[in-house]
Amino acid sequence: MRMNFGLTVRSAQGRWSLNPYHRRTHGSIGLFVPPSPPLDPEKVKELQRFITLSKRVLVITGAGISTESGIPDYRSEGVGLYARTDRRPIQHRDFVRSAQIRQRYWARNFVGWPQFSSHQPNPAHWALSYWERLGKLYWLVTQNVDALHTKAGSRRLTELHGCMHRVLCLTCGEQTARGQLQDRFEGLNPTWSAEAHGLAPDGDVFLTEGQVRSFQVPSCARCGGPLKPDVVFFGDTVNPDKVDFVHKRVKEADALLVVGSSLQVYSGYRFILTAQEKKLPIAILNIGPTRSDHLACLKLDSRCGELLPLIDPH
Ligand SMILES: [Zn+2]
């Protein structure tokens, strides 16, 4: 079945949506969340037992936790971006070598930003933040760049692939807030307008070549260097210090829970291997198979936002 990709014609149905503007303008969660079987009470009990027996849970989250906030993922069967369009994410080497490619990227990113930045955490994000406040969650590692864990109040957090809400200068390394850059874009492009035709996991949208060519891109206010979102693009590698840091947190934890990730990308998968070496119990909550199902003592195919709030972290 061909799915309607228009974001402005659908109304949100998420009962957790707190912002009325968000409810009115964002795609329904059903558009981006793969179908899943009804909650199995026995499985819920098993996850409860897993959490109760753990004192220092390390949680790894992926795109699957944010689909219920209206952000599509890349890989979910039928509903992920790979399944619905022929677009592929930007490659790091292309972004760095070509001003034209950066122009296209930023033009799309500029259009997508107001919507992308307005997404709100869903009950799964809130639940993990609550676990942290109660001392149950030892560390949270996310592969997402949408800042939804931060918005939910999580602090013991490593954003493995960075965050779209920060911008980095490729020359001097200066970090700035993405919101400030939006003001600079608007100042340089006062009459420029474009219509978003769809939203990708990185906040990207679709534009014509003509629209892209006339878009003015600001450079670093300090040194004039090119600007890049502070995220790891495909083909780039995660900072080794960050990887070491997470490996240490995994070794200090006593259980590992994966939430909403198929673990196809090695940058997340390697921590599962470390957990396995340390013989930590591993539970996986993800709709659809993952690369590590055979390593998990518990696998749940449920919506993260439906299941996690049911778990008592005391
Ligand atoms: Zn600079």
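The values are calculated or read from the model by the stated rules, or taken from the named source; none is laboratory data. Just so it is clear, the structure is predicted and the values come from calculations on it, not from any experiment. All Cβ positions, even for glycine, are placed from backbone atoms using ideal geometry, and neighbour counts span all protein chains on display. Protein only, heavy atoms only, side chains kept; ligands, DNA and RNA dropped before computing areas. Shrake-Rupley method; radii C 1.70, N 1.55, O 1.52, S 1.80 Å.
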Unmet requirement for residue 279, which otherwise passes all of (1) open to solvent by 40 Å² or more (accessible area, probe 1.4 Å); (2) at negative phi; (3) at pLDDT 95 or above; (4) away from the ligand (no atom under 16 Å from the Cβ): (2)
Those residues of segment 52-71 which are open to solvent by 10 Å² or more (accessible area, probe 1.4 Å), within 20 Å of residue 278 (Cβ to Cβ) and among the hydrophobic types (A, V, I, L, M, F, W, C), in sequence order: 53
Cβ pairs under 9 Å, 6+ apart, first in segment 190-217 and farther than 15 Å from residue 109 by Cβ and among the polar types (S, T, N, Q), second in a loop (DSSP other than H, G, I, E, B) and at pLDDT below 65: 208/194
Those residues of segment 209-238 which are more than 16 Å from the ligand (Cβ to nearest atom) and farther than 22 Å from residue 159 by Cβ, in sequence order: 209, 210, 211, 212, 213, 214, 215, 216
Any chance residue 83 is hydrophobic (A, V, I, L, M, F, W, C) and at pLDDT 85 or above: no
Residue in segment 234-248 that is in a strand (DSSP E or B) and either modelled with pLDDT of 95 or more or out of contact with any Ser or Thr (no Cβ under 8 Å at 6 or more places or on another chain) (or both) present: yes
Yes/no for residue 74 being modelled with pLDDT under 95, open to solvent by 10 Å² or more (accessible area, probe 1.4 Å), within 13 Å of the chain's Cα centre (by Cα) and more than 17 Å from residue 308 (Cβ to Cβ): yes
Any hit, segment 157-171, residues being assigned to a helix (DSSP H, G or I) and either in contact (Cβ under 8 Å) with a residue 40 or more places away in the chain or more than 16 Å from the ligand (Cβ to nearest atom) (or both): no
Per-region count, segment 288-314, residues open to solvent by less than 40 Å² (accessible area, probe 1.4 Å), in a loop (DSSP other than H, G, I, E, B) and in contact (Cβ under 8 Å) with a residue 40 or more places away in the chain: 4
Qualifying positions in segment 112-156 - in a helix (DSSP H, G or I) and of a type in the set (A, V, I, L, M, F, W, C): 113, 116, 124, 126, 127, 128, 131, 148
Tally of residues being open to solvent by 50 Å² or more (accessible area, probe 1.4 Å) and either within 16 Å of residue 102 (Cα to Cα) or small (Gly, Ala, Ser) (or both) across segment 225-246: 3
Residue identified as on the phi < 0 side of the Ramachandran plot, open to solvent by 30 Å² or more (accessible area, probe 1.4 Å), modelled with pLDDT of 95 or more and not small (Gly, Ala, Ser) among 257, 181, 170: 170
